[in-house]
1. If I take every Cα pair under 8 Å that is 6 or more residues apart in region 64-161, average their sequence separation and divide by the length, what percent do I get for the relative contact order?
2. Shape verdict for region 155-213, please, from the Cα gyration tensor: rounded (a/c under 1.5), prolate (a/b greater than b/c) or oblate.
3. If a/c stays under 1.5 just call it rounded; otherwise compare a/b with b/c (prolate if a/b is bigger, oblate if not). Do that for region 55-112, with a ≥ b ≥ c from the square roots of the Cα gyration tensor eigenvalues.
4. Principal axis extents for the chain, Cα atoms only, whole Å, descending order, please.
5. Cα axis of helix 170-180 to longest principal axis of the chain: angle in degrees, 0 to 90, nearest 10?
6. What does the net charge come to around P162 if you take all other residues with beta carbon closer than 11 Å to its beta carbon, with K and R at +1 and D and E at -1?
7. Once the piece of chain linking F30 and V105 is laid out straight, how much longer is it, given 0.36 nm per residue of separation minus the C-alpha distance between them?
8. Could you size up the charge dipole of region 45-195 around its Cα centre, putting +1 on the beta carbon of Lys and Arg and -1 on that of Asp and Glu, and report it in debye to the nearest 20?
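The values are calculated or read from the model by the stated rules, or taken from the named source; none is laboratory data. Here the structure is a predicted model, which is why all the values come from computation and not from measurement. Cβ atoms come from the backbone with ideal geometry, glycine included; neighbour counts cover every protein chain shown. With ligands, DNA and RNA removed, areas are computed over all heavy atoms of the protein, side chains included. Shrake-Rupley method; radii C 1.70, N 1.55, O 1.52, S 1.80 Å.
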Amino acid sequence: MGMSSLKLLKYVLFFFNLLFWFCGCCILGFGIYLLTHNNVGALFHSLPSLTLGNVLVIVGSIIMVVAFLGCMGSIKENKCLLMSFFVLLLIILLAEVTLAILLFVYEHTLRKSVADGLTDSIQRYHSDNSTKAAWDTIQSFLQCCGINGTRDWTTVIPASCPSDPRVKGCYEKGIMWFESNFLYIGIITICVCVIQVLGMSFALTLNCQIDKTSQSLGL
């Protein structure tokens with residue numbers, strides 16, 4: 001019974017992490033694609049590295065490393081790799097919870113920082129190609145214009161702006177988009193946290209099962 005339980009846990013955790021390793025590969029590949037094709041530039045000049053491509057590359061790389069540890073730790077029944085997998089998942093989970101709390105506590109400060117960053121970046125639209133690409137992408141996606149409307153463009157209104165003169169600004173439309181998708185964002189976040197907890201539980205259970213099997217075999 002002990003050996004069959006060990007095998008079941010081992011292969012469940014292996015395929016569980018193999019799936020996430022492939023997901024990490026897809027995210028990493030998409031991030032590299034965005035970086036090479038320069039589809040989305042940097043919106044905030046004070047954080048030039050904060051682009052969608054860079055974020056996806058970092059997230060994809062982290063997922064691949066953690067999933068690799070889980071795969072190898074389970075299939076090899078290596079306690080060191082399993083505990084490394086467990087600790088990394090725990091750190092990521094705690095970081096996500098901390099980030100959520102900070103975003104809630106400093107919501108007004110964050111909104112002001114975003115507004116100031118947008119004001120600074122819109123002035124660089126015609127002089128910086130990366131900023132131009134970011135603004136064109138956001139205005140096309142959200143169907144907005146400028147920060148608070150077309151009046152923010154003191155010279156020529158970009159072609160990415162909708163033709164409607166009463167179009168709303170991207171700051172307001174961005175908040176509206178977030179609020180309208182808040183339920184879906186919350187569900188996805190909860191699902192990710194549940195998956196992480198399940199992964200930690202599987203790793204810890206498999207680690208304990210390896211100990212029990214070793215003791216029963218007199219190793």
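1. 14 percent
2. Since a/c reaches 1.5 and a/b is larger than b/c, the shape of region 155-213 is classed as prolate.
3. oblate
4. Sorted largest first, the three principal extents are 80, 36, 27 Å.
5. Taking the Cα atoms of the chain, the angle to 170-180 is about 40 degrees.
6. +2
7. 23.8 nm
8. With only Lys, Arg, Asp and Glu charged at Cβ, the dipole is about 80 debye.
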